[in-house]
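Here is the structure we will look at.
The values are calculated or read from the model by the stated rules, or taken from the named source; none is laboratory data. Given the structure is predicted, the values throughout are model-derived calculations rather than measurements. In this analysis, Cβ positions are derived from the backbone assuming ideal geometry, glycine residues included, and neighbour counts consider all displayed protein chains. These accessible areas exclude ligands, DNA and RNA; they are computed on the full protein's heavy atoms, side chains included. Shrake-Rupley method; radii C 1.70, N 1.55, O 1.52, S 1.80 Å.
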Amino acid sequence: MNKQVLLVAGALVLSLNGSAACAEETSFWQKMVDAGQQAFDAGKYSKAARNWNKVVEMLKQTSQDAMDNVKERIMLAGCLKHLGDCHRMRQRWQEAGTCYQDSLSAYGKLTPDTPEVQSGLSDLSSCYKSIGVDALGEEASKMLKKAGAVGLSSFKTVDGDHYELALADIYSEEVNENRIERVRFNKRICFDFMQTPEGKLNVSKIKGIELKADVCWVEPRSTIMYLDEKGETTAEVTVDAMGFMKTVTVNPPRKIYDYIVELVKQVNTGAVVASGSTPSVTPPSVVPSSTTSTESTPAETVVPAVDIQPTESSTSSCQTIDSGKETESVSK
């Protein structure tokens with residue numbers, strides 16, 4: 001009898017020690033997560049990333065049984081999202097996208113109607129969208145597929161949105177219109193977009209597009225597109241021609257203006273849904289105004305107003321990007 005009692009007591013001690021060790025490890029992870037949030041709130045994105053990255057690595061190294069723990073899976077998904085925030089705030093878009101996609105994958109292995117999962121996906125959707133080409137409507141989908149587009153992502157910034165378009169390969173096509181002979185798209189096209197209160201569409205920091213005009217290749221860097229007093233589309237395009245910047249004014253078809261507005265609206269209203277799940281998440285709304293009239297548009301001309309301001313996040317994920325804050329690489 002005494003021997004049996006000793007065996008039972010020993011088993012209890014081992015069990016208690018194991019539980020204590022697990023609790024201690026979880027507490028350590030939470031401290032790292034909290035330290036990362038404090039650093040992020042202070043604008044110290046490298047320090048925040050180091051803390052969150054350590055938790056991610058530790059969680060990934062645990063056994064599969066441990067990773068089936070809902071609490072740890074939620075912590076992993078959250079830390080991956082926070083890592084993406086750090087990269088986004090420092091405009092490291094590709095790294096941010098990878099972290100956000102990994103976060104979605106982690107959330108996809110959880111029960112979709114769990115409050116923590118819904119909250120996490122809603123927080124993620126407030127600053128990131130990964131959009132399938134087929135989800136952009138027939139006309140947009142057809143145009144992008146022709147160019148070999150395989151994915152489109154958008155990231156919230158303080159001024160609007162940053163877009164990343166991935167192509168399967170370099171795409172080139174003859175144009176022979178308005179002195180433009182050929183257009184060429186690289187495998188990665190990126191640009192920033194915002195719409196002013198007056199309804200002007202401002203596309204800047206364009207990379208990955210080249211145009212052959214007359215005898216040389218030029219690269220568009222920015223364009224401001226708006227409707228004039230007659231309701232006709234006007235675009236002020238700045239191009240880089242062999243190191244020389246030049247701005248020209250052109251009049252693209254009105255449907256181009258409407259197409260861009262509609263495309264941005266579709267991107268911003270698309271829900272972020274983790275693979276394999278269908279959570280009832282309400283994404284940030286982008287509602288076109290049917291009554292907006294601006295200085296550059298006559299009263300009878302309707303300009304859809306796209307609200308692209310970032311929504312508030314409980315983790316301060318969409319804070320203002322301060323150019324005075326750190327921009328150095330993350331040290332793992």
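Annotations for the structure displayed:
- Just one of the numbered conditions (1) more than 27 Å from K265 (Cβ to Cβ); (2) open to solvent by 50 Å² or more (accessible area, probe 1.4 Å) is not true of E138: (1).
- Some residue of region 182-195 being within 18 Å of K246 (Cβ to Cβ) and touching a Lys or Arg at 6+ places or on another chain (Cβ under 9 Å): yes
- Spans of strands (runs of 3 or more DSSP E) in region 176-248 with at least 3 residues aromatic (F, W, Y): 180-195
- Test for S126: is it hydroxyl-bearing (S, T, Y), open to solvent by less than 20 Å² (accessible area, probe 1.4 Å), out of contact with any helix residue (DSSP H, G or I) (no Cβ under 7 Å at 6 or more places or on another chain) and farther than 21 Å from S46 by Cα: yes
- The lone exception for C99 - which of (1) under 13 Å from G78 (Cβ atoms); (2) touching a residue at least 40 places away in the same chain (Cβ under 8 Å); (3) surrounded by 18 or more Cβ atoms within 10 Å (Cβ to Cβ); (4) touching a Leu at 6+ places or on another chain (Cβ under 9 Å) it fails: (2)
- Taking region 142-182 as the range and being aliphatic (A, V, I, L, M) and open to solvent by less than 20 Å² (accessible area, probe 1.4 Å) as the test, the residues that pass are A147, A149, L152, L167.
- Number of residues in region 243-263 that are at pLDDT below 85 and under 16 Å from I206 (Cα atoms): the value is 2.
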